[in-house]
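Data block below; observations after.
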Protein chains: 2
Amino acid sequence: MPQGKPSVVPEDGLTTRQRRNRPLVFVHTGTGKGKSTAAFGLALRAWNQGWPIGVFQFVKSAKWKVGEENALRVLGASGEGGRVDWFKMGSGWSWVQRDAQFSNEDAAREGWEQVKRDLAAETYQLYVLDEFAYPLHWGWVDTAEVISVLRDRPGNQHVVITGRNAPAELVDFADLVTDMTKVKHPMDTGQKGQRGIEW
Amino acid sequence: MPQGKPSVVPEDGLTTRQRRNRPLVFVHTGTGKGKSTAAFGLALRAWNQGWPIGVFQFVKSAKWKVGEENALRVLGASGEGGRVDWFKMGSGWSWVQRDAQFSNEDAAREGWEQVKRDLAAETYQLYVLDEFAYPLHWGWVDTAEVISVLRDRPGNQHVVITGRNAPAELVDFADLVTDMTKVKHPMDTGQKGQRGIEW
């Protein structure tokens, strides 16, 4: 509920308006469902504000999230709201030459390099770095460098990072962190994922 | 990640396909951000499958969630995917006469009565009962009755209930429960909600 009052008024020299519009880094982590779905829900708000949105899926297989991808493509092309660009590591990214053979580790680094270029160019106002916590957790991409780049990013660019096992340094750095905690999941009782629900 | 194997194969007499397509009840609860946004992210998947979607916002003020509402309206009207109907308690619901004066409690009950009618008629394949955990928690709508209606609902209708303080009986009954646990929120450090992020 956004009508809540902040519990603290910091002595940071900013006006309420300046503080309100400070660009944010979000982390959605934990073992429960909803990390990516909440990130795409956030993208709906950004779209509605007319913000350009860049989605970078840091997963090997690009077959998941088809529902969200199609929905955001339709929204991005609707003539209302913001533009949406969607990039998939699983299909080798769009800016990488087709004949390049990458390890997953190389591919994750290529993704991050492009995010850095886009942040420097202020290409988007919302970045969804889906499942990016994994390459950070595995050490494929250096968490300290990511924090440094995010801290120094220009303009008004919001960044959402999803995935289990988000590194503690990233959690410390981020502005908003939610741990999606699994209380119960149908797979626990033998139910497999189903169309329309899991993808 | 939906490619996971179920940890248990139950002796319920169902085939894997029957079990896979069992309609689900989801609960998104907890004090963190992402409960509603994840529900609307789920609606994107449902939309992409062509499922009719009914959103029932159980909040007094209907001014929030404008981003999600506009996005789902555009999607629902796009000619692709499923139809989306969006109902707001804050504007007095659409099926209630304009001159009716309701308490919030009455309004919450009116909302639930309509959901019951729609479940009986199999109007939708996904129901987003946004913030419905509150009237349950407050005792305005009887949790035992809700569980009974959900248990006996016909056909293949999925239901997502969001909100803090979901009653324990509902959590016990639901198929998938995620507790969105607040690790950190910008309001803790004096930042107010901002356009495009909170609504």
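Side notes on the structure shown:
- Ascending list, in nanometres, of distances separating the residue B:182 label from those of the other copies (7 Å, Cα toward Cβ): 2.6
- Relative contact order of the stretch A:26-180, pairs being alpha-carbon contacts under 8 Å that are 6 or more residues apart, as %: 38 percent
- Inter-copy separations for residue B:105, label at 7 Å along Cα-Cβ, nm, ascending: 6.3
- About the centre of its Cα atoms, the protein assembly as shown shows a dipole size close to 400 debye [charges on the beta carbon of Lys, Arg (+1) and Asp, Glu (-1) only; nearest 20 debye].
- Built amide H within the under 5 Å cut-off of residue B:195, gap 5+: none
- Here the 3J(HN,Hα) profile of the stretch B:138-154, calculated from phi with Karplus coefficients 6.51, -1.76 and 1.60 at θ = phi - 60°, is 7, x, 5, 10, 7, 4, 4, 5, 4, 4, 4, 5, 5, 4, 9, 5, x Hz, Gly and Pro shown as x.
- Dipole of the stretch A:26-180, positive direction: furthest Cα of A:36, A:132, A:103, with charges on the beta-carbon: A:36
- Summing Cβ point charges (Lys, Arg +1; Asp, Glu -1) relative to the Cα centre of the stretch B:79-145 gives a dipole of roughly 120 debye.
- Between the beta carbons of residue B:138 and residue B:60, assuming R0 = 22 Å, the FRET efficiency works out to 0.95 to the nearest 0.05.
- Fully extending the segment from residue B:94 to residue B:109 would add 4.0 nm, taking 0.36 nm per residue of separation and subtracting the current Cα-Cα distance.
- Computed on the Cα trace of the stretch A:26-180, the radius of gyration divided by the Kirkwood hydrodynamic radius gives Rg/Rh = 0.93.
- Per-copy distances of the residue B:94 label point, shortest first, in nm (7 angstrom along Cα→Cβ): 3.4
- Based on the Stokes-Einstein relation at 10 °C and a viscosity of 1.306 mPa s, and on the Kirkwood radius from alpha carbon pairs, the protein assembly as shown is assigned a translational diffusion coefficient of 73 µm²/s.
- Dipole check for the stretch A:26-180: with +1 at the C-beta of Lys and Arg, -1 at the C-beta of Asp and Glu, and the Cα centre as origin, the magnitude is about 480 Debye.
No lab work stands behind these numbers, since they all come straight from the coordinates. Given the structure is predicted, the values throughout are model-derived calculations rather than measurements. Virtual Cβ from ideal backbone geometry, glycine too; neighbours counted across all protein chains shown.
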